[in-house]
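Data block below; observations after.
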Amino acid sequence: MDLSSYTPMGDKENSPFFDEYIQRIYERRHECGLDDIVGDMRGVVVSVENGDAVNYLAELTAMGPYRFVDARVSSTHRIYFLQSRPEFPRLFVLEPLSGEYEDRMTQWNLMYPLSARKPNARYVGEIYAADSLAAVREALEPQSIRFVYDGDSQNNLFSREHLGFTFLSDYTYNRVGYTDVDIDDLEALQLGDPLGLDADEQGKLERAAALQAEHGISDLVLGLDHMATRILAGDRESAILEYLTMVPYYFWGAYNIVEMNSSTNVTRHPDIDDDKKSPARVFTANNTPAFANSFENLPMPTEDFVRNFGRRMHHMAYAVIDGHVAAEKNVDYVVRQLSDMGTPFLADVVGECKDDPNLKQIFSKSSPYSMLITEYIERCHHYEGFFTRDNVASLTAAAGADERYDHGQVFD
Ligand SMILES: [Fe+2]
């Protein structure tokens, strides 16, 4: 794919600054070797509060394709390792050993009224395959990307010999990680000492898997399709350009969702046959900041979310295999079954899948453990695009309507 001649999709306009620097970043990525030494996304990392991990694992098991494989314990965290298909990214769940645990991420969560409720619950970032961790640092540190070194974080997961992470991005509050060993080699990753589940914990996960199988959705929900971060209006272009500095993705395009005062911006891997092998990273931002929006008073669920929770990952989307169960589209069937199992959803499935290629999507309510919303997305009849404007507008509205700013619960 020739990035220098690619014209982004969608109708969201970018500044001359963005247009100039995106080309310079693509060129520099090539020159400094990053495009060659960094490969696909091999893992995603989510942190939960002390005591929430096994419940979160059970929720993941019932709602999607990820299954617990193994666990380790470090000096500060239990680290649970989950897998879907071998070619798709792994999921690492971090749980502090103590309810008193605090690091920089905890402190950032404590700054915002709704995330302060569970200050260790947050999507942390992605892990990319790299030929050499040292080479990635050597390429990116001169570009003002900062990496965690020993002593920088309470959590030593972020600075292992073969696993390293950037600082929390000032634009997204997410990290990017890199590893130069096999993502399944937990010894080489130096995650800590082996940790087993007890019989109660094991039973909880087995019951969740059995429930999913009974409801007939185990084979219908595939891997991660995309993950979407919400950021402030003024940080939109910087957040995208910073991400494209750190990973070999490209700016696929952006839609302007005028009536929600927001845009949805998509970055993708340019060189894979299936997005689920290295899922798209989406950035959503207001078009104008909250105080300026007050002149027009449009709904602005995106910046409301950021003001309530801080910049952070908003949802992870699972792809639903295209097809039917009897006369029902798969995504409708999956959502009906999950609802029967007790999963609450925001509004209804949006989009149409009749004869033309199109998309059907829905948001769950946010997890009480990870705070993340789960999206289910069915790309019907080989839909070529990534999003439709109308669906994004409906989903954005549904997520905004559910959010509550409640002084009583936050500050009591
Ligand atoms: Fe999404």
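Here is the list for the stretch 77-133: GluC sites (Glu not before Pro) lying in DSSP coil, each with at most 11 other C-beta atoms within 10 angstrom of its C-beta, are Glu100.
Of the Cα atoms belonging to the stretch 112-186, the radius of gyration and Dmax stand at 13.4, 41 Å. Couplings 3J(HN,Hα) for the stretch 249-256, derived from phi with the Karplus relation 6.51 cos²θ - 1.76 cosθ + 1.60 (θ = phi - 60°), are 8, 10, 7, 6, x, 8, 9, 8 Hz, where x marks Gly and Pro.
Per-residue packing, averaged as other Cβ atoms within 10 Å, sorts the ranges 1-10, 336-345, 261-270 into the order 261-270, 336-345, 1-10, beginning with the highest. A Cβ-based charge dipole, computed about the Cα centre of the chain with Lys and Arg at +1 and Asp and Glu at -1, lands at about 680 debye. Within the stretch 367-393, whose backbone N sits under 20 Å from a point 7 Å along Cα→Cβ of Arg336? Zone members listed by number: 376-381. Unpaired Cys in the chain, meaning no second Cys C-beta under 4.7 Å: Cys32. Placing +1 on the Cβ of every Lys and Arg and -1 on the Cβ of every Asp and Glu, with nothing else charged, gives the stretch 139-250 a dipole about its Cα centre of roughly 540 debye. When peptides 67-79, 25-37 are sorted by average Cβ neighbour count within 10 Å, with the highest value leading, the order is 67-79, 25-37.
Given in Å, the Rg to one decimal and the Dmax to the nearest whole number for the Cα atoms of the chain are 20.3, 59. Between Leu157, Leu298, Leu222, the GNM of the chain built on Cα springs shorter than 10 angstrom shows Leu298 fluctuating the most. Label-to-label distance for Val69 and Ala213 is 2.0 nm, based on points extended 7 Å past Cα in the beta-carbon direction. Counted over the stretch 251-320 with a bin width of 10 Å, the fraction of Cα pairs per bin, in whole percents, is 19, 43, 27, 10, 1.
Cα centroids of the stretch 220-296 and the stretch 144-184: 22 Å apart. Legend: Rg and Dmax of the stretch 253-390, from Cα coordinates, 16.2, 50 Å.
Bear in mind that the values in this text are calculations on the coordinates, not laboratory data. Fair warning: this is a prediction, and the values are worked out from it, not measured in the lab. Here Cβ is always computed from backbone atoms with ideal geometry, including for glycine, and neighbour counts include all displayed protein chains.
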